[in-house]
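Beneath this line is the structure, given in structure tokens, with notes to follow.
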Amino acid sequence: MYRFAVIVFPGSNCDHDCYHAVKHVLGEGCEFVWHEEEDLSGFDAVIVPGGFSYGDYLRTGAIASLSPVMKAVSDFASKGGPVIGICNGFQILVEAGLLPGALIRNSSLRFVCKWVDIRVERNDTPFTCNLEAGDVLRIPVAHGEGNYFTTEAGLKELKDESRVVFRYVTPGGEATDEANPNGSLDNRAGICNEGGNILGLMPHPERCAEEILGGEDGRLIFESLLSWLGSRQGRRERAEIHAMKADA
């Protein structure tokens with residue numbers, strides 16, 4: 001059983017959804033971690049959930065990014081630990097400098113709450129390793145500032161380094177303006193860091209992890225993470241065995 005940390009800020013409101021998906025749907029260990037904590041060393045994965053941290057004052061995620069726990073999140077990720085930021089969590093990761101770019105007001109200037117389709121762009125990350133590039137997932141969004149923006153140089157860098165993990169598409173997998181719910185550049189729904197172990201995405205996989213919620217595609221992202229953690233543990237055990245044989 002793995003231990004997941006769900007970070008809680010004042011104003012978080014999707015923390016319990018994430019906890020339920022991990023603890024009760026997947027059957028893994030899960031704990032809420034208050035934003036004032038400074039150590040995440042006992043966890044296997046970290047979730048920065050959605051909501052309205054600090055009431056979205058200043059900019060979405062701006063105040064939360066300065067919380068003590070974000071130094072711990074950065075340290076955890078620097079050691080290869082998987083971190084997923086969902087909706088407001090994505091905004092917080094961007095404000096904390098763990099992911100590039102910015103998330104601004106939706107192009108419609110309206111809050112968007114609906115089901116969307118997203119295409120898997122790469123399957124070599126901890127969050128997509130059970131999927132195939134080109135797979136289309138149906139997952140809900142609920143945000144007012146999910147419009148991903150960056151400079152032309154930043155856009156090129158993300159493209160050159162294949163750091164786009166998900167794109168908004170039609171059910172048939174075509175990236176069109178109509179399929180883009182917020183105006184994000186190049187239909188980008190989710191991006192990762194250079195190492196691939198930090199994912200930020202606007203759609204909410206925790207809200208569609210069981211059929212009673214209208215779909216289970218979000219569960220595929222969490223199951224991928226579990227598979228990756230299992231592979232990582234296997235690699236560590238093999239390395240330890242190799243080290244013991246070398247010392248013998």
Taking the range 18-30 and keeping only residues that are over 17 Å from the mean Cα position of the chain (by Cα) and outside any loop (DSSP other than H, G, I, E, B), one is left with Lys23, His24, Val25, Gly29
### Query
Do we find a residue being surrounded by 23 or more Cβ atoms within 10 Å (Cβ to Cβ), on the phi < 0 side of the Ramachandran plot and modelled with pLDDT of 95 or more anywhere in the range 105-114?
no
When you scan the range 49-58, do you find a residue that is over 14 Å from the mean Cα position of the chain (by Cα), in a helix (DSSP H, G or I) and surrounded by fewer than 19 Cβ atoms within 10 Å (Cβ to Cβ), even just one? yes
Ala133: passes all of (1) touching a helix residue (DSSP H, G or I) at 6+ places or on another chain (Cβ under 8 Å); (2) surrounded by fewer than 16 Cβ atoms within 10 Å (Cβ to Cβ) but (1)
Condition set aliphatic (A, V, I, L, M) and part of a helix (DSSP H, G or I), scope the range 151-168, selection nearest to the chain's Cα centre (by Cα): answer is Leu158
Of those in the range 169-209 that are part of a loop (DSSP other than H, G, I, E, B) and in contact with a Cys (Cβ under 7 Å, 6 or more places away or on another chain), the residue surrounded by the fewest Cβ atoms within 10 Å (Cβ to Cβ) is His204
Within the range 62-97, residues being free of Cβ contacts under 8 Å to residues at least 40 places away in the same chain and out of contact with any helix residue (DSSP H, G or I) (no Cβ under 7 Å at 6 or more places or on another chain) number 11
Subset of the range 104-137, residues over 14 Å from the mean Cα position of the chain (by Cα), touching a residue at least 40 places away in the same chain (Cβ under 8 Å) and not in a loop (DSSP other than H, G, I, E, B), comes to Ile104, Val112, Lys114, Trp115, Val116, Asp117, Arg119, Leu137
Filtering the range 166-182 down to residues that are farther than 19 Å from Asn123 by Cα and among the acidic types (Asp, Glu) yields Asp177, Glu178
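The values are calculated or read from the model by the stated rules, or taken from the named source; none is laboratory data. These figures come from a predicted structure and were not determined experimentally. Neighbour counts run over all protein chains shown; Cβ positions are idealised from the backbone, glycine included.
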